[in-house]
Amino acid sequence: MMKNIGKACVGCILFFIFVLPYCAYSQGWPVTKIKSLPDSSFAMVEVKKDRTKLRHFPYKDINGNIDIN
């Protein structure tokens, strides 16, 4: 049991050291750019009960190419 907790702690520490800084310093997209994207540019699109869409994780540009910048 303690070995698993130790592995989880090491995993969390590595996450905070290597992944989190890139998330914190990444440049966000302007709201106008995100609103102009089609649903296919998002990794996940939820449809709520009132039929409104919640779009999450945009990763493709307006032309459908994966945005690596």
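Laboratory data are not the source of any read-out in this text; all were calculated from the coordinates shown. Here the structure is a predicted model, which means the values were calculated and not measured. Cβ sites come from the backbone with ideal geometry, for glycine too, and all protein chains shown count toward neighbours.
Over all other residues within a Cβ to Cβ distance under 12 Å of D67, the charged ones net out to +1, with Lys and Arg as +1 and Asp and Glu as -1. For K53, a cut-off of 17 angstrom between C-alpha atoms picks up these aspartates and glutamates, skipping any fewer than 8 places away in its own chain: D39.
Could you tell me the calculated FRET efficiency between K35 and I5, based on Cβ-Cβ distance and R0 = 30 angstrom, to the nearest 0.05?
Numbers: r = 44 Å, r/R0 = 1.47.
FRET efficiency, K35 to I5: 0.10.
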